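Structure first, then comments.
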Amino acid sequence: MPALDQCGCPYCDTGSADRESPEKGQPEPAWLTHLYVCRSLSTYRIAGQAGLTRQRVTSVLHAAGVAVRPRGAGRPRSAGKSGDLAGLSRIVRELYVDSRLSSREIAVILGMPERTVRDRLRMDGVATRTRGGRNREDRDTVPAEVLDLLYTRLGMTAAEVGKRLGRSANFVLRSAHALGVPVRSGGAVPVPNPGEIELVSALYGDRLIDEVLTAHGIARVPAGGSISDRFPTPVPLTTPLVKDLYWGCGVGLNHIELLTGQAAQTVLGFMRRAGIPLRPPGGRSPFLRRWRRAPRVSTTADVSVK
C-alpha cells in the first residue's frame, strides 16, 4: 500500500511519480476520490475519464464517504475571485446603464456569451431593457417645446415636422400622443374647430375602453413623457385583455401601447403567438370611427389616476 500524504490520498504522494489511472470502467473509489477532492474535477469530467456514467461516479463517491456538491455549485474558487467578479459586475453595469450599450455589444467587448451578461445584470438587480424595435426604454420623443412651436403654433403637418427633424410622420404623431399634445384629425389648421384630439384622454374617455380597463384592474396614466416614463413597468399582456381591447373596443396596436405601456410591436408579437387575428389593413380603427361619430366634447381635461 503506497504511503499516504497529508490529505490521505495515495495518488497525491509527492515522493513518487504520478500513478497510472485504473482501466476505464473500473470504479476504484480512491482514484475517483482523488479526481473529485484533490483535482476538483466535476462528476461529469470524472465520468468521461473513468468511462463510467455520472450517476455511477456519484454513487461510488457517496459510498466512499465523500460529500458531493449540489449540481451547479461549481468547483471551489480562490478568495481572490470575488474581487474579480465584483469588478466585472461594475464594468458590465457601467457599460449597460451609463453607456447604454446593448447586452450583445457588451458580450463582444468582454468576450463572453450574451446570456452571461444578462445573467450578471439580473444578479446585480439591474433591470434589463427590451431588445430591438420593441425597446421601450431607448425610444426618444420630439421635445414638447418643438412640437408646440412647429405643430401647434405654426400649424405644420406631422409629415412637415418630421421632414424638418429628419424623422417620420408616425414618430411625430407618437411623440405628440405620448406628451399629451392635441393632434389634429385632419391635415392643416384652416377651419375653425379642427377636431383636435388628445388621444390618451380620448381613449380613457371611451365608455367601452373604460369598462375593459376597470374589469382588468388597469390604472389610468395621464399623458406626458415617453412610454417608459408613463409606464416604468408595463401592464402584462393577457389574451383576454388584448382581445377585449382590440376586438371588443376596436382600438389599434398603438392605442394598446398608450393604454398598457407595451410597445406596439410587442403587442403584435403577442397577438401572433396567442393566435389573435388582425383586422384587414386600411382605414381607421373602429374606436376612431366611433370617436368621430360621437358629439364633440372636450377631451383635454386631465385624466385622474384610479
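Results, tabulated for the structure shown:
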item: J(HN,Hα) series, the stretch 41-56, from Karplus relation 6.51 cos²θ - 1.76 cosθ + 1.60, nearest Hz, glycine and proline x; result: 7, 7, 5, 5, 5, 5, 4, x, 6, 8, x, 10, 7, 4, 5, 5
item: Segment ASP124-SER40, extension gain: residue separation times 0.36 nm, minus the distance between their alpha carbons; result: 27.5 nm
item: Using θ = phi - 60° and Karplus 6.51 cos²θ - 1.76 cosθ + 1.60, couplings along the stretch 281-287 (whole Hz; Gly, Pro as x); result: x, x, x, 7, 6, x, 4
item: Using θ = phi - 60° and Karplus 6.51 cos²θ - 1.76 cosθ + 1.60, couplings along the stretch 147-160 (whole Hz; Gly, Pro as x); result: 4, 4, 6, 6, 8, 7, 7, 8, x, 5, 6, 4, 5, 5
item: FRET efficiency, GLN265 to LYS243 (Cβ-Cβ, R0 22 Å, nearest 0.05); result: 0.75
item: Computed lengthening from ASP148 to ARG164, 0.36 nm per intervening residue step minus Cα-Cα distance; result: 4.3 nm
item: Ranked packing of 108-114, 216-222, most packed first, by mean Cβ within 10 Å; result: 216-222, 108-114
item: Amide hydrogen neighbours beyond the local backbone of VAL183, cut-off 5 Å, H modeled; result: ILE197, GLU198, LEU199
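No value in this document is a laboratory result; all are computed from the given coordinates. As the structure is a computational prediction, the values presented were derived from the model and not from experiment. So basically every Cβ, Gly included, is an ideal-geometry build from the backbone, and we count neighbours across all protein chains shown.
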